[in-house]
Amino acid sequence: MKKVVKLEGIPLTEGHSGLYLEVEDGIVKRGVYYALVPVRGFETLLLGKDSRVAPTITTRICGLCQVTHAIASARAVENVAGIEVPPEAEKLREVLGLAVRVYNNLLHQIVISEDLFPDKREQLSFIREVQGVRKFAGMVLETIGGEIIHSPNVKVGGISEPLEEFVKEKILSEVEGALLRLQTSFSLFKEKLDSLWKREGFDESFGNHNLDFFATDLYYGKQVKFEDFSFVLPQEVVEGSLKRRVSNLFPLVGGKPVETGPRARAVLFKGYRPKGGVKELHILRGEENIDALRRIKEILENNRFDGELWNRKTPSSDGETVGVGIHEAPRGANVHAVKIDKSGKITYYKIVVPTEINFFAVSEALKGAPATKAEFIVRAYDPCIVCAAH
Amino acid sequence: MVSLDRRFLIGNFRGAFVVEGKGKNPTESIFRLMLKHQFIDGLLTCSKTGESPKLILKSDEVELPSKNTCFGVNSLLKKAIQKYRFSRLAVYAPACTFDGLNKTQYFGIGCNWTKTAISLKVGFLCPGLLTENAFNAELADIAGKSTGVKRFYFDGGNLFYLLEDGASLKIPLSVHHHYTNSACRYCLNMAAKGTDITCVNLKEEDRVLLIVRSERGWSTLAHLQKTAPGEVLFRKAEEELLASVENFLREKILLNIADIVERVELGLPVPKWNDNKLRKFYRIWNSVDINFEEEVF
Amino acid sequence: MFYRDKLSFEEEDFKLKVGFLHFSSCSGCQVAFLDMFEEAVEILDTVELVYSNMLTKRRDIPRMDVAFVEGALCVEDPHHINLLRELGKKAKMVVAVGGCAAFGGVRRLSCGNQLPQPQHQTFVPITEVDFLKTKVKYAIPGCPPNPSLLYSFLLALLEVNEDFLLPFELMTSSTKASGFDIISEVVNKGFCVGCGTCSTACPTRAISFNRECGKPAFNANLCVHCGSCLAACPQSFKPYPQPVYV
Ligand code: SF4
Ligand code: SF4
Ligand code: SF4
Ligand code: SF4
């Protein structure tokens, strides 16, 4: 029996999204996952503005992984204007990026704890533990970035405020405690994940696909060419009234749909051999938190940040060259591309966010899964819909 | 009707003391000791000359603004609390700074975690603040000279400046009122009622009048005396001294009230979201029997 | 006696039904509620969270006592129009959380014309929507509001502390906010005492401090219209009653 199922609003995910499923005998034959929140127009509203405000404005694309947009945006402008950033500032941004990785990934654990914990009391105590670690990540974001959500200190040219040694020591004094709490809550998380998989009758290959992986770096983000990206319009993918509602683009990398995120990073930079299903996404994401805290510790221990971290050079370019800024966000590679004119005004802005890249991956992963369980696949990707329809 | 009595002018307090600092500024000594013995982990105030807000972390760096200029103190609040993560901060500033701070504490607005991060609020009796230009104009007006001001103090109910050339200059309030920051002309809280301790600068640099208001201020000073006995000497303030402070405040506040009354009568605008304290005050000022609550202002 | 016992028992058992809904936003305001960290868990335990796309499994929007709404309404989005109607039907009271919902926020900069839906061009804060006029009781400034503020607000709401809530009620009637408020409402009117609170309150650091004048200086390029600066200024409203010291 063939039928088409359209779901609107996927609970336990960020934002308003939808699923289009062509189902045969309860199994998904073709699926499309898409965003349904309005396009806020961050790419057009920036046109004509001073490029130095781009990080402040683009960080407001997303309230979950805020600083990643500020970083990608600052790097894009620096790239096009040839502004050299003090190396310590880049390291400190890496710390911010990793802090938001932990902060956001753990938010995802809180969100799906509703699935994981049938017992309410156990769930609350798990959330309490996780919140303890998020508090540490929040403190890193607040002390270095200026605010927990939407860091004002990430500037074109660096970081606006040095980090005094005694503040650094304060952060370092708490990192071990946070790591310990994180490890404990992570083992509980894995245990509960196993029982969820058992309860629902999923196997390891639930939600697998054969797409390539795309990542630029393990922790921070390395340059890519913007020409590598192309975009499919939703009007070419979905049917009927959805054409006028789906609000994300479907980016291709090198002409192909790919998956980005924790698994892509593990495969490309850690030699990880993927098992295929979406369960490992949860695990790998959790492992990234532990890595991130260790890396934060390492960077802070081995560097000083109490000097000038901000190259205040006024950005300027020819209005033709495309500058690209990359940051490895919690969900994968976050790419901002910009052109600016001689006076530093933005003349072109383009944003490709990881959730957007993953829409096709999610759609592929849906194939062959029971239609009633499609939401579990979506959730495993931790989609951030506001980012996707920026 | 508002009576310009002590309760209105100075506000409620538990005790008033003249404090002597053995040749040093006693307020500075108190903060120094508090930092040294870790009662507080930072002091937020202005630099000595008052030109910029300052965050003091070490006891040997303690210096307080000595002129009646002290702007922008709260602009460092986020740095102190959200960045440096101080949890036992002391603040030394004029009353209006504490209006901002109390608001941040009460509503949580403006800066995170402020409610629990402030240990002690010390306000100074404020004759109205001046910027550098205003000082120059005021001195030229009163004394016809342009030497700098070193410190301000109160003596016998009058405001004085100690000038850089060593001379003391009595500042007539009617003139002073013209040169102060405009908002100071509508101020009804020069004695810093929303603080733990109000500090009144006196003629001798090593003497100060401390008006202790809150339980917190009281116990902090008591604890300090126990921890570092003899470093600063406390003596109950004479009635005469308090009366002179009261007289100063009365004289200044009458000037302010005249301005407020004029402003309300002309219907000049107040900021939006303001619950219109000026008009409220005007009503109370002009009515015979109204139950006045000092906390409105 | 029996009656009284029963009543108090019911009162103890009463849990405020709250929900989170979002229009065009970044979700930061909802996340900011969770940034009270461990305290957030205690609050989640005292109120009943009946709806949140992120935190509950419900698909339909149930009836609720208080709806916390973030984001601006996109007029061209049919889902938003539905949501608006639902909100009118299901929520007893609406709280506009954050700059976007209260004053337009960063949405005030939007001009649409971006693929794939270039028609998404109109973004209005919910305080500007007459349909909800009677429902929107409070507006909370900030981008996002400080977790401390959200925490205190929630407590005040639970305790019905009207002195605390009053200013947030006043704010629903001003649908615009920016750093110019500080200049036009306070500095120009001669009420700026130079305390610097506005400068610290600004989440984008658009307000610096002009030492020469002892007054704030505003850089409009960085302003995201969140309303924090004027809300934090001691000359806009004050805690009432003022802290009294005996
Ligand atoms: S007179 Fe009042 S408003 Fe002016 S600085 Fe002093 S305390 Fe503030
Ligand atoms: S007010 Fe700021 S934090 Fe809140 S939804 Fe809008 S952009 Fe996000
Ligand atoms: S100046 Fe800052 S605090 Fe004021 S509205 Fe603009 S962004 Fe908000
Ligand atoms: S917060 Fe202080 S400095 Fe800023 S406008 Fe208000 S009174 Fe002036």
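The values are calculated or read from the model by the stated rules, or taken from the named source; none is laboratory data. Everything numeric in this text was worked out from a predicted model, so none of it was measured. Positions of Cβ are generated from backbone atoms using ideal geometry, with glycine treated the same way; all protein chains shown enter the neighbour counts. Note: accessible area is taken over every heavy atom of the protein model, side chains too, but ligands, DNA and RNA are not part of it. Shrake-Rupley method; radii C 1.70, N 1.55, O 1.52, S 1.80 Å.
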Single unsatisfied condition, C:Gln117 versus (1) facing chain A (nearest Cβ under 9 Å); (2) among the polar types (S, T, N, Q); (3) in contact with a strand residue (DSSP E or B) (Cβ under 9 Å, 6 or more places away or on another chain); (4) touching a residue at least 40 places away in the same chain (Cβ under 8 Å): (3)
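What are the residues in segment A:49-63 that are open to solvent by 20 Å² or more (accessible area, probe 1.4 Å) and out of contact with any strand residue (DSSP E or B) (no Cβ under 6 Å at 6 or more places or on another chain), if any?
The first filter runs over segment A:49-63 and keeps only residues open to solvent by 20 Å² or more (accessible area, probe 1.4 Å), leaving A:49-50, A:52.
A:Asp50, A:Arg52, listed by residue number.
Would you check if there is a residue in segment A:128-146 being on the phi > 0 side of the Ramachandran plot, buried (at least 19 other Cβ atoms within 10 Å of the Cβ) and touching a strand residue (DSSP E or B) at 6+ places or on another chain (Cβ under 8 Å)? Full working, then the answer.
Step one: list which residues in segment A:128-146 are on the phi > 0 side of the Ramachandran plot, which gives A:146.
Filter again for buried (at least 19 other Cβ atoms within 10 Å of the Cβ), leaving A:146.
With the extra rule that they be touching a strand residue (DSSP E or B) at 6+ places or on another chain (Cβ under 8 Å), the set shrinks to none.
Within segment A:128-146, none of the residues are on the phi > 0 side of the Ramachandran plot, buried (at least 19 other Cβ atoms within 10 Å of the Cβ) and touching a strand residue (DSSP E or B) at 6+ places or on another chain (Cβ under 8 Å).
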Any chance C:Phe153 is of a type in the set (Phe, Trp, Tyr), outside the structural domain of C:Pro203 (by TED's automatic domain parsing) and surrounded by fewer than 17 Cβ atoms within 10 Å (Cβ to Cβ): no
Test: A:Pro152 is within 10 Å of chain C (Cβ to nearest Cβ) and part of a loop (DSSP other than H, G, I, E, B): yes
Top-ranked residue in segment C:216-237 [being over 18 Å from the mean Cα position of the chain (by Cα) and open to solvent by less than 40 Å² (accessible area, probe 1.4 Å); ranked as nearest to C:Arg107 (Cα to Cα)]: C:Leu222
Residues that are more than 25 Å from B:Glu20 (Cα to Cα) and away from ligand 1 (no atom under 16 Å from the Cβ), drawn from segment B:166-206: B:Pro172
Any chance A:Val37 is under 18 Å from the mean Cα position of the chain (by Cα) and either assigned to a loop (DSSP other than H, G, I, E, B) or more than 10 Å from chain C (Cβ to nearest Cβ) (or both): yes
In segment C:42-60, residue nearest to ligand 2 (Cβ to nearest atom) [restricted to those that are closer than 17 Å to C:Ser152 by Cβ and open to solvent by less than 20 Å² (accessible area, probe 1.4 Å)]: C:Ile43
Residue check for C:Ser236: part of a helix (DSSP H, G or I), within 9 Å of chain B (Cβ to nearest Cβ), small (Gly, Ala, Ser) and touching a helix residue (DSSP H, G or I) at 6+ places or on another chain (Cβ under 8 Å): no
Flag if C:Asp65 is assigned to a strand (DSSP E or B), of a type outside the set (S, T, N, Q) and more than 16 Å from C:Cys29 (Cβ to Cβ): yes
Given (1) open to solvent by less than 10 Å² (accessible area, probe 1.4 Å); (2) at the interface with chain C (Cβ under 10 Å from one of its Cβ atoms), number of the condition A:Leu182 does not satisfy: (2)
Failed condition for A:Val246, given (1) open to solvent by less than 30 Å² (accessible area, probe 1.4 Å); (2) assigned to a helix (DSSP H, G or I): (2)
Residues of segment B:82-98 that turn out to be part of a helix (DSSP H, G or I), more than 16 Å from ligand 3 (Cβ to nearest atom) and more than 17 Å from B:Cys46 (Cα to Cα), as a count: 1
Residues satisfying the stated conditions in segment B:69-123, i.e. more than 20 Å from B:Thr198 (Cβ to Cβ), touching a Gly at 6+ places or on another chain (Cβ under 8 Å) and of a type in the set (Lys, Arg): B:Lys78, B:Lys83, B:Arg88, B:Lys115
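I need a count of the residues in segment C:199-226 that are in a loop (DSSP other than H, G, I, E, B), at the interface with chain B (Cβ under 8 Å from one of its Cβ atoms) and either away from ligand 1 (no atom under 16 Å from the Cβ) or charged (D, E, K, R) (or both). Steps first, please.
Of the residues in segment C:199-226, the ones in a loop (DSSP other than H, G, I, E, B) are C:202-206, C:211-214, C:219, C:223-226.
Retained after the next criterion (residues that are at the interface with chain B (Cβ under 8 Å from one of its Cβ atoms)): C:211-214.
Then keep just the ones that are either away from ligand 1 (no atom under 16 Å from the Cβ) or charged (D, E, K, R) (or both); that gives C:211-212.
Residues in segment C:199-226 being in a loop (DSSP other than H, G, I, E, B), at the interface with chain B (Cβ under 8 Å from one of its Cβ atoms) and either away from ligand 1 (no atom under 16 Å from the Cβ) or charged (D, E, K, R) (or both): 2 in total.
Every residue, every condition in (1) surrounded by 22 or more Cβ atoms within 10 Å (Cβ to Cβ); (2) within 14 Å of chain B (Cβ to nearest Cβ); (3) more than 15 Å from the chain's Cα centre (by Cα); (4) of a type in the set (D, E, K, R), yes or no:
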site: C:Arg108; (1), (2), (3), (4): no, no, yes, yes
site: C:Phe123; (1), (2), (3), (4): yes, no, yes, no
site: C:Thr134; (1), (2), (3), (4): no, no, yes, no
site: C:Gly142; (1), (2), (3), (4): yes, yes, no, no
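May I ask you to say which residue of B:Phe31, B:Phe39, B:Phe71 is closer than 20 Å to B:Thr220 by Cβ, touching a residue at least 12 places away in the same chain (Cβ under 8 Å) and either crowded, with 23+ Cβ neighbours inside 10 Å or within 14 Å of chain C (Cβ to nearest Cβ) (or both)? Before you say what the answer is, go through the steps one by one.
Working: B:Phe39 fails: either crowded, with 23+ Cβ neighbours inside 10 Å or within 14 Å of chain C (Cβ to nearest Cβ) (or both); B:Phe71 fails: closer than 20 Å to B:Thr220 by Cβ.
That would be B:Phe31, the only listed residue that is closer than 20 Å to B:Thr220 by Cβ, touching a residue at least 12 places away in the same chain (Cβ under 8 Å) and either crowded, with 23+ Cβ neighbours inside 10 Å or within 14 Å of chain C (Cβ to nearest Cβ) (or both).
Which of the residues that make up segment B:260-277 are surrounded by 17 or more Cβ atoms within 10 Å (Cβ to Cβ) and farther than 30 Å from C:Ile140 by Cα? Show your work before the answer.
Step one: of segment B:260-277, the residues surrounded by 17 or more Cβ atoms within 10 Å (Cβ to Cβ) are B:260, B:263-264, B:270-274, B:277.
Across segment B:260-277, the qualifying residues are B:Ile260, B:Arg263.
Can you name the residue in segment B:42-68 that is in a strand (DSSP E or B) and open to solvent by 20 Å² or more (accessible area, probe 1.4 Å) and is also nearest to ligand 4 (Cβ to nearest atom) among such residues?
So the first thing to find is which residues in segment B:42-68 are in a strand (DSSP E or B), and the list is B:42-46, B:53-56.
Add one more test, that the residue is open to solvent by 20 Å² or more (accessible area, probe 1.4 Å), and what stays is B:53-55.
Values: B:Pro53: 11, B:Lys54: 17, B:Leu55: 17 Å.
Checking each candidate, the answer is B:Pro53.
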Residues satisfying the stated conditions in segment C:16-51, i.e. more than 9 Å from every other protein chain (Cβ to nearest Cβ) and polar (S, T, N, Q): C:Thr46
Looking only at segment A:16-34, and only at residues there that are within 14 Å of chain C (Cβ to nearest Cβ) and touching a Ser or Thr at 6+ places or on another chain (Cβ under 7 Å), the one that is surrounded by the most Cβ atoms within 10 Å (Cβ to Cβ): A:Tyr34
Given (1) assigned to a helix (DSSP H, G or I); (2) among the small types (Gly, Ala, Ser); (3) open to solvent by less than 40 Å² (accessible area, probe 1.4 Å), index of the condition B:Ser119 fails: (1)
